[in-house]
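Pasting a structure below so you can have a look.
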């Protein structure tokens, strides 16, 4: 095969995807033709484009690769969420590419690829081998939409970098029957992509495609409204789609069917269809003359009341669109124009005049969709005032635009609209109609009352407006610029999924919304130019991004707390917004570049109970005023918010409880790059529902807690150690005085606890960076081999508490601490040392590590062999040393690999050490490997240290000075060896303990 990569363009882009799908099906059955015989046919449909990794995933799925390969893709997707990466920018994974290459190399295959992106994709990077001299092939096409056509093919050709053949045909070559045949194949492709349509006749899909094509005519240019957005409604109201699942099918088709073409191509297709004897639609414009025919869908644009000679709507018509191109002089319709249209389901009138008291379409009893745009009341037209408005019973959608027809929205007429699903009102009264809704329109699902012309007025009944709207899914109040607050009972709308508040300038706050909300949009610049029929937000290109008016958007607080289904959010140009509460929502990535934009004065952000939250992409220009951010990703967490009046911090405070340590990347990005520089943070990595330090928003302390300060609430309940206290009896004064863990968090605090994920990996990433910047650190109940990032300099950490981490080997491998004052370590089963030996080079060589250490407290570390290596001749401010239950500990301080030579002669100075408490250290030989000098020592309590041979040298005290007190077993005292210049007389007479180890029997007890 000479050519490996072929691009197929169809007929000006039309039909390419359908042909390629059929090709894949045909090749599977052509096993007898050698040229068309392939070992593997790979059909990849990525018309619904996500990213390049999505293509690789589709290839892996088609090849039925091992689950481990899919797990790699899932894992990387998850990581990218936590990194806040845009989903559209996710690329292929090399390890997966290698597996795909190994699977396909050595076999003959053809890959058929529907590419939904805007660029050619090099599938070779995804592992698909297309060797120059091999037998493999790739046939592909751009397939952003199944119904795309283009006149200028050069734009496509410019994008082709790896393609060798560009195959194209022209739409003019197709006859009407052929066009419909290709359309049938397109319909089959649409059905194959949507499981909800598998039992649907493809002919129905074809009709929907033709209806959407019919809608793309100059009717919408004249009316200046995109009536095409109602396509999914038309299909149902016109009875093209029927049955119980009509709405689901219609919504799915609305996402699939989207004609895109040049105007000249559209006109040509219309001509093709008109030559077909079974064309279902008729489009009349300019100088066309109406000719009767069995048309179901008719669109007419007329410059006069003659309507191109049409006297009446044909009896077969099910949809009728009429626009008069004389906006200042609405035209009346001919008498009897609607007399025979019993099948009419959709009626759209633009710039028409009729008698509002007796509308000319009263006899259209099957009418389901009524759209009136810039229509006026003409009382001179006679009507049948005795005819009942029976068509209101069958009406499903009522759309009024700049048509001030009060009669149809009176309470009397609304009582007749028992089946209405959608009500859209634009450019007329607003709140007056809302006030009439209570107790009416029981099946209403979509309500849009936008850009009202009358000032919003409130009444005592405003809180009851939506109390019975249990089926309402969409509420759009865009342009209600005088509305000051939302009805408080909006939370009773228990099916509400989309809320739009664009241009609601006077709203002071937003809150009290139902938990079913999935999407919310509030654009201070105004309403979108188009809306969607689904609960998805309108694309950004339809939303205004600037304004020429000097608008004042008042809203200061938005609370979407408790909206558990909320995933999509767009807030734009809300210059006075101070507080945003997204607690309990399902948002995965909160992006200040695309979701919350131009919010310059935001001060408080709450994300509590957001269990799906993976990342926050801060744009620092948007958070320069931020003072408080509270994040908690544990499920079901509810907590009080700080009072606005009482809490006015002068700097940013970050309170966070995160279950997954990867979220620390977002917090680190904010803290490190915060414009104001000063950030106080309280960050916990845990899933435990017990600890609630963050949700109480407790104040931090600037003062370091002392060893005897037990006034404040403990991080770890003291009761957890009651078993340890009981080991030597309640009367043991030594155990009673063992210090509790540090309790007061400092201004920059990090805690890592049980139930957290990805801690060990993130220690070398963002979590480690946050720890380096912390002033207090508490790590407990986590199964990690290390608790800190390796080889780092800690300049800010003042106290550190580490406990119940069973896999830790060295607590601080290759770490340097310049500010650490208190170190409290407990229950590390595998730890062999606190800090590691090693030489220091470069910048760190001048650092005095642990130079500010005041309190060293260790407990229940049975494998501990030594605590700290000595690199300097003095531990200048160490005051207290408490160590208990460390069975393998032989020395507390040992010499480092490199150390000052004077240490061996003069010893190590501990000038401020006052207290030494040692208990149950049976292998402890010496506190320090070399001579230890502690002139300020006051208290020594030793028990269970049977191998101890030396005590610190305290020197002789002056007359009247109190000597150090000592409690010790007599056996140990008698076995002590004394350094030169140090004698027992330098200490108070020892107090011998009443508790001795029991003597072991000299004979075996196993008899």
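The values are calculated or read from the model by the stated rules, or taken from the named source; none is laboratory data. Because the structure is a prediction, the values reported are computed rather than measured. Methodologically, a virtual Cβ is constructed for each residue, glycine included, from the backbone with ideal geometry; neighbour enumeration extends over all protein chains shown.
Give the residue, chosen from 898, 923, that is more than 51 Å from the chain's Cα centre (by Cα), outside any strand (DSSP E or B) and surrounded by fewer than 21 Cβ atoms within 10 Å (Cβ to Cβ).
Details: 898 fails: more than 51 Å from the chain's Cα centre (by Cα).
When all the criteria are applied, what remains is 923.
When you go through 441, 507 one by one, which is the residue that is without any contact (Cβ under 8 Å) to a residue 60 or more places away in the chain, surrounded by 18 or more Cβ atoms within 10 Å (Cβ to Cβ), more than 34 Å from the chain's Cα centre (by Cα) and assigned to a loop (DSSP other than H, G, I, E, B)?
Values: 507 fails: more than 34 Å from the chain's Cα centre (by Cα).
Criteria check complete, one pass: 441.
Which of the residues belonging to segment 180-206 are over 16 Å from residue 17 (Cα atoms) and without any contact (Cβ under 8 Å) to a residue 12 or more places away in the chain?
195, 198, 199, 201
Would you tally the residues in segment 862-886 being outside any loop (DSSP other than H, G, I, E, B) and within 20 Å of residue 820 (Cα to Cα)?
Within segment 862-886, the first condition is being outside any loop (DSSP other than H, G, I, E, B), and the residues that meet it are 868-870, 874, 880-884.
Now narrow it down to the ones that are within 20 Å of residue 820 (Cα to Cα): 868-870, 874, 880-883.
Result for segment 862-886: 8.
Let me ask you something else. Is it the case that segment 309-322 has a residue that's in a loop (DSSP other than H, G, I, E, B) and modelled with pLDDT under 85?
Of the residues in segment 309-322, the ones in a loop (DSSP other than H, G, I, E, B) are 310-318.
Filter once more, so that each one left must be modelled with pLDDT under 85: none.
No, there is no match, as no residue in segment 309-322 is in a loop (DSSP other than H, G, I, E, B) and modelled with pLDDT under 85.
Of all strands (runs of 3 or more DSSP E) completely enclosed by segment 745-809, which ones contain at least 3 residues that are free of Cβ contacts under 8 Å to residues at least 40 places away in the same chain, touching a helix residue (DSSP H, G or I) at 6+ places or on another chain (Cβ under 9 Å) and farther than 25 Å from residue 880 by Cα?
On the way: elements: 748-752, 776-780, 799-803.
Ranges flagged: none.
A further question on this structure: Kindly list, by first and then second residue, each pair from a residue in segment 16-45 that is assigned by TED's automatic domain parsing to the domain that holds residue 138 to a residue that is modelled with pLDDT under 85 and buried (at least 19 other Cβ atoms within 10 Å of the Cβ), limited to pairs with Cβ atoms under 7 Å and residues at least 6 apart or on different chains.
Short answer, once both residue conditions are applied: 17/146.
Right, something else. Identify, by number, the condition in (1) closer than 28 Å to residue 746 by Cα; (2) in a loop (DSSP other than H, G, I, E, B) that residue 889 doesn't meet.
The one condition residue 889 does not meet is (1).
Identify all residues within segment 342-363 that are in a strand (DSSP E or B) and within 24 Å of residue 231 (Cα to Cα); write none if there are none. Steps first, please.
At the first step, the residues of segment 342-363 found to be in a strand (DSSP E or B) are 346-350, 352-354.
If the condition is that a residue be in a strand (DSSP E or B) and within 24 Å of residue 231 (Cα to Cα), then 346, 347, 348, 349, 350, 352 are the ones that fit.
Any residue in segment 330-346 that is in contact (Cβ under 8 Å) with a residue 60 or more places away in the chain and more than 20 Å from residue 270 (Cβ to Cβ)? Step through it out loud before you land on a result.
Step one: filter segment 330-346 for residues in contact (Cβ under 8 Å) with a residue 60 or more places away in the chain, giving 345-346.
Remaining after also requiring more than 20 Å from residue 270 (Cβ to Cβ): 345.
Yes - at least one qualifying residue is present in segment 330-346.
For segment 905-918, enumerate the residues that are at pLDDT 95 or above and in a strand (DSSP E or B).
Answer for segment 905-918, where residues must be at pLDDT 95 or above and in a strand (DSSP E or B): 915, 916, 917, 918.
For segment 373-393: of the residues being buried (at least 18 other Cβ atoms within 10 Å of the Cβ) and assigned to a helix (DSSP H, G or I), which is modelled with the lowest pLDDT?
Ranking the candidates gives 391 first.
State all residues of segment 409-419 that are within 28 Å of residue 531 (Cβ to Cβ) and either surrounded by fewer than 17 Cβ atoms within 10 Å (Cβ to Cβ) or touching a helix residue (DSSP H, G or I) at 6+ places or on another chain (Cβ under 8 Å) (or both); if no residue qualifies, say none. Spell out how you get there, then give the answer.
Restricting attention to segment 409-419, the residues satisfying the condition of being within 28 Å of residue 531 (Cβ to Cβ) are 409-411, 413-419.
Hits for segment 409-419 are 409, 410, 411, 413, 415, 416, 417, 418, 419.
Of the numbered conditions (1) touching a residue at least 24 places away in the same chain (Cβ under 8 Å); (2) more than 21 Å from the chain's Cα centre (by Cα); (3) crowded, with 17+ Cβ neighbours inside 10 Å, residue 58 satisfies every one except a single condition; which is it?
(1)
Return yes when residue 685 is at pLDDT 60 or above, buried (at least 19 other Cβ atoms within 10 Å of the Cβ) and in contact with a helix residue (DSSP H, G or I) (Cβ under 8 Å, 6 or more places away or on another chain) and no when it is not. Break it down into steps so the answer makes sense when it comes.
Numbers: at pLDDT 60 or above: yes; buried (at least 19 other Cβ atoms within 10 Å of the Cβ): yes; in contact with a helix residue (DSSP H, G or I) (Cβ under 8 Å, 6 or more places away or on another chain): yes.
Judged against the criteria, residue 685 is a match.
A follow-up question, please. Against the condition in the same structural domain as residue 884 (by TED's automatic domain parsing) and more than 26 Å from residue 888 (Cα to Cα), how does residue 795 come out, does it pass? First the steps, then the outcome.
On the way: in the same structural domain as residue 884 (by TED's automatic domain parsing): yes; more than 26 Å from residue 888 (Cα to Cα): yes.
Judged against the criteria, residue 795 is a match.
Another question, if that's okay. Could you tell me which of the residues 168, 138 is touching a strand residue (DSSP E or B) at 6+ places or on another chain (Cβ under 6 Å) and within 19 Å of residue 58 (Cβ to Cβ)? Don't jump to the end; show me each part of the working.
Details: 168 fails: within 19 Å of residue 58 (Cβ to Cβ).
The match here is 138.
Let me ask you something else. Would you mention how many residues in segment 491-501 are surrounded by 22 or more Cβ atoms within 10 Å (Cβ to Cβ) and at pLDDT below 95?
Total meeting the criteria: 1.
Every residue, every condition in (1) over 29 Å from residue 274 (Cβ atoms); (2) under 41 Å from the mean Cα position of the chain (by Cα); (3) outside any loop (DSSP other than H, G, I, E, B); (4) not assigned by TED's automatic domain parsing to the domain that holds residue 49, yes or no:
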residue: 125; (1), (2), (3), (4): yes, yes, yes, no
residue: 129; (1), (2), (3), (4): yes, yes, no, no
residue: 132; (1), (2), (3), (4): yes, no, no, no
residue: 135; (1), (2), (3), (4): yes, no, no, no
residue: 139; (1), (2), (3), (4): yes, yes, yes, no
residue: 144; (1), (2), (3), (4): no, yes, no, no
residue: 152; (1), (2), (3), (4): no, yes, no, no
residue: 156; (1), (2), (3), (4): no, yes, yes, no
residue: 159; (1), (2), (3), (4): yes, yes, no, no
